[in-house]
1. Considering only DSSP beta bridges with both partners in the chain, what is the antiparallel share in %, to the nearest 5?
2. How high is the FRET efficiency from Arg146 to Asp48, r the C-beta distance, R0 41 Å, rounded to 0.05?
3. How much area per residue is accessible in the chain when the probe is 1.4 Å and only protein heavy atoms are counted (Å²)?
4. On C-alpha positions alone, give me the angle between the axis of helix 156-168 and the longest principal axis of the chain, in degrees, nearest 10.
5. Dividing the alpha-carbon radius of gyration of region 36-171 by 2.2 N^0.38 Å (N being the number of residues), what value is obtained?
6. Over the chain, what percent of the accessible surface lies on carbon and sulfur atoms, probe 1.4 Å?
Amino acid sequence: MLDETVWFQYPRAASGTMDTITVIAPEGEPEPGKVLVRIVDIDPPLPDGLAVTISSDIPAAAVRLVLELPRAAVLIGASVPIIELSYQRIQGGELTRAEDFDGIPPEAEEVISYHADTSYLPAYTITIEADEWAPNGGGFVGSERRTYRFGLQKDYSINRDALVAAVNSRRKS
């Protein structure tokens, strides 16, 4: 089940996708209030050539933020972060921690443990601020900040393949 703050997650192979966040003034008013949306931050910054566009730069009844992706693979974040990775230089010896699979030296005897962060969510966070005005030409009501996450679907196979390669490179003939 997706967290309600997750905007979207795509597999790395997805292409030609477009997703929107729509910010709407409250319902049930005789004349809906108006909203104005600003992007406060996108962290980390989007790759070159990608941008989130805003459908209106003046107060409107609804404002859409749109991200179009020709290829989802340009995004970062499919690889699940490593919580623990350790190896032994000599079989039965002291455990040494590594930050990633490239940190295990070729002469290491055994890969002992690997734990992935199963709570990991998409890599990008977008923070927006929405201003709202009262109905029927009323005054400014206030601003609200909202945060959404988006990115690639997590892919355990990336680290699984790296783990298999690390273990297999240590097998004796």
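The values are calculated or read from the model by the stated rules, or taken from the named source; none is laboratory data. Everything quoted here is computed from the prediction, not taken from an experiment. Reconstructed Cβ throughout: ideal geometry from the backbone, glycine too, with neighbour counts over all protein chains shown. Just so you know, the surface numbers come from the protein's heavy atoms only, side chains and all, with ligands and any DNA or RNA stripped out. Shrake-Rupley method; radii C 1.70, N 1.55, O 1.52, S 1.80 Å.
1. Rounded to the nearest five, the antiparallel share is 90 percent.
2. With R0 = 41 Å, the Cβ-Cβ based efficiency is 0.95.
3. That works out to 59 Å² for each residue.
4. 10 degrees
5. Rounded to two decimals, the normalised Rg is 1.59.
6. Solvent-exposed carbon and sulfur of the chain make up 51 percent of the total.
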